[in-house]
Structure formats: structure tokens, C-alpha cells
Amino acid sequence: MIDVKHCLANSLACVALAAATAWAGPPPGVPHAPVPGGIAAIELEPATDTPPRAWYGKRRIMVVRAGEPPAWYALAGIPLAVQPGSQSIRVESAAGKRDIAFEVRDKQYREQRLTIKNRRHVNPNPLDMERIGKERRLMDSAFRIWRDTENPVLRFELPVEGPFSSPFGLRRFYNDQPRSPHSGLDIAAPEGSEIRAPAPGLVLRTGNYFFNGNTVILDHGQGLVTMYCHLQEILVEEGDAVDQGQVFGLVGKTGRATGPHLHWGVSLNDARIDPLLLLPPERGDTGL
């Protein structure tokens, strides 16, 4: 316990002691960036044979075993719309039910303006809107899937090689009209380039969508879902299992795209997060 009288007498010593006793963060390999569009890694309790269960809002969240000595950590994907400040998760384990608070830090994302030649991809007509609504419901149901898995892969491989042409979180304007922030990472690559699974998973959805073009959605377990858009060709079917590194599609420019590229989206507990958080640190510096 920090001695308040001592702190008042020696504020520098108090600051140093507080820093020394502050949480040092999760162990290596557990992503932690508690910002809108990021991941909060929250230590729960020493590891036992039965993992606790945790929820962030209405969504169940991933729980992993890590560290030495091992402990259980909850990984909460934080939606882009969340404001900085205090948040909490709900935990259930053999020790009972409890809430654990965590802090969301501020993060500012850049702005991008694009010119789209197909005006229907900026202002869809009523029939387009009906199609978009159906496709949105299909994607939402995929993002909300929960599949129990042990030891989910938290270090992804890059699905395709190329410069990062549009980073995650950009505030986007199409033909000077504001739209939702960019919920994925765009990777520029030649048309026909092979797209590989960044981690083992199951094919949840395939299809041709109005905005996304040819699309594949993969389930990696415990609420971790990835999406791949604008494909030239899809090489898998719904229900297929894919291994890490397996080719499942080819880069294209279908849907709302200004040129060949892969839009790679990552969702954790139905929150779109920055894919860079799951790449090895040395792969997170490719960009403009």
C-alpha cells in the first residue's frame, strides 16, 4: 500500500512508486491497444482447467491463457464509435460474477477523399438499397458468430503482399460526401494475386455483394472473424476449413473499388478492429 503521508512529503517518490506498481501490460503475444478500433487485454485470474467467460456489452469476448505463471486474459474488441473513458466487462467464473473496469484511450484517425465513377456506389437507388440491406444482415450474422475454440491464433500472417494503400479507421469521403470510417485495411496488389488465410479458420460466407464485390468471410473462433473483399475469384465454399497460409481467393477490383486491391477486415466480438494489431510488429510498418 502507498503511504499517503510519505507521498505528500516526497511527491517524486510517490510518482516513482505508483509507476513501479502499475500494470505492465499483458505478456508477449497478447495484443493490447485500448483505443477505439483496438483491443483491450484484461487480466482476469490465475489460469485453471476451466476458463472463465466474459462479455463486453451484449457480446461474449475471447478468453485466452497466457503468461508465466499462466493467467486468463479477456480480449475485448473496442468499436470505433466508443468514446475515450471508462468501460467494463462482465466476468463469470468459479470465483463468481464480477465487473472489471478498463480505460479506453483517445486515438485520432486520418481523413481520405475518393472519387467514385459509378454514382450508384455513392448514392444507391431503392433496389440497390434493398440488396444492400439483405447483404448487411448476412454480414452482421457472420460477425456475431461464436464458436468455442482452444488457443485461437493471435499472430496473423499477411493475407497478400503489397503496400497498405488505405489504413484502418480513415474518415472517408466519397465524391465529397462523408461516409462511415474505413473498417478495414486496404492492401494494393496486382489483379490475380493469391490471397492466403492469415490463420486457421472456417469459411462462413462467400458471395458477391454490392459494395464489397466478391467476398469471403472466415471464422477463426471465439468471436474472431475476418473479411476479404473485391476478389477477382473465390476458390473456397461455405463450410470449408482453411489452414494458415492456404490460398482461398485472388485479388480483384469487384464492387466499389477504384483499382485492384484487397480490403481486409477483422472483427472481434462484432467490433471492427485494426488488422495491424494481429500482425507481427515488423509487418505493421508497411504503408504509404
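Details
- Every residue from segment 142-169 that is small (Gly, Ala, Ser) and within 20 Å of GLY37 (Cα to Cα): ALA142, SER165, SER166, GLY169
- If you go through segment 228-261 and pick out every residue that is touching a Leu at 6+ places or on another chain (Cβ under 8 Å) and not β-branched (Val, Ile, Thr), you end up with 15.
- Strands (runs of 3 or more DSSP E) completely within segment 28-73 that count 3 or more residues being closer than 17 Å to HIS220 by Cβ and either among the acidic types (Asp, Glu) or open to solvent by 10 Å² or more (accessible area, probe 1.4 Å) (or both): 59-66
- Of residues in segment 121-137 being more than 13 Å from ASN212 (Cβ to Cβ) and in contact with a strand residue (DSSP E or B) (Cβ under 9 Å, 6 or more places away or on another chain), the one modelled with the highest pLDDT: ASN123
- Qualifying positions in segment 191-221 - closer than 19 Å to LEU138 by Cα, assigned to a loop (DSSP other than H, G, I, E, B) and open to solvent by 10 Å² or more (accessible area, probe 1.4 Å): PHE210, PHE211, ASN212, HIS220
- Residues in segment 151-180 that are at pLDDT below 90 and in a loop (DSSP other than H, G, I, E, B): 8 in all.
- Residues located in segment 123-139, provided they are without any contact (Cβ under 8 Å) to a residue 12 or more places away in the chain, under 30 Å from TRP55 (Cβ atoms) and open to solvent by less than 60 Å² (accessible area, probe 1.4 Å): GLY133
- Candidate set: segment 181-190, residues that are open to solvent by less than 40 Å² (accessible area, probe 1.4 Å) and outside any strand (DSSP E or B); chosen: the one modelled with the highest pLDDT: ALA189
- Segment 74-99 - residue that is out of contact with any Phe, Trp or Tyr (no Cβ under 9 Å at 6 or more places or on another chain) and small (Gly, Ala, Ser) and, of those, most open to solvent (accessible area, probe 1.4 Å): ALA94
- Residue that is least open to solvent (accessible area, probe 1.4 Å), among those in segment 100-120 that are of a type in the set (Lys, Arg) and at pLDDT 90 or above: LYS107
- For segment 230-260, the candidate set comprises residues that are in a strand (DSSP E or B) and open to solvent by 20 Å² or more (accessible area, probe 1.4 Å); within that set, the residue that is farthest from LEU185 (Cα to Cα) is ALA241.
- Looking only at residues of segment 218-247 that are in contact (Cβ under 8 Å) with a residue 40 or more places away in the chain and touching a Phe, Trp or Tyr at 6+ places or on another chain (Cβ under 8 Å), we find that the one that is nearest to PRO200 (Cα to Cα) is VAL242.
- ILE89 vs. criteria touching a strand residue (DSSP E or B) at 6+ places or on another chain (Cβ under 9 Å), modelled with pLDDT of 95 or more and under 21 Å from VAL153 (Cβ atoms): no
The values are calculated or read from the model by the stated rules, or taken from the named source; none is laboratory data. Bear in mind that the values here come from a model prediction, so they are computed numbers and not experimental data. Methodologically, a virtual Cβ is constructed for each residue, glycine included, from the backbone with ideal geometry; neighbour enumeration extends over all protein chains shown. These accessible areas exclude ligands, DNA and RNA; they are computed on the full protein's heavy atoms, side chains included. Shrake-Rupley method; radii C 1.70, N 1.55, O 1.52, S 1.80 Å.
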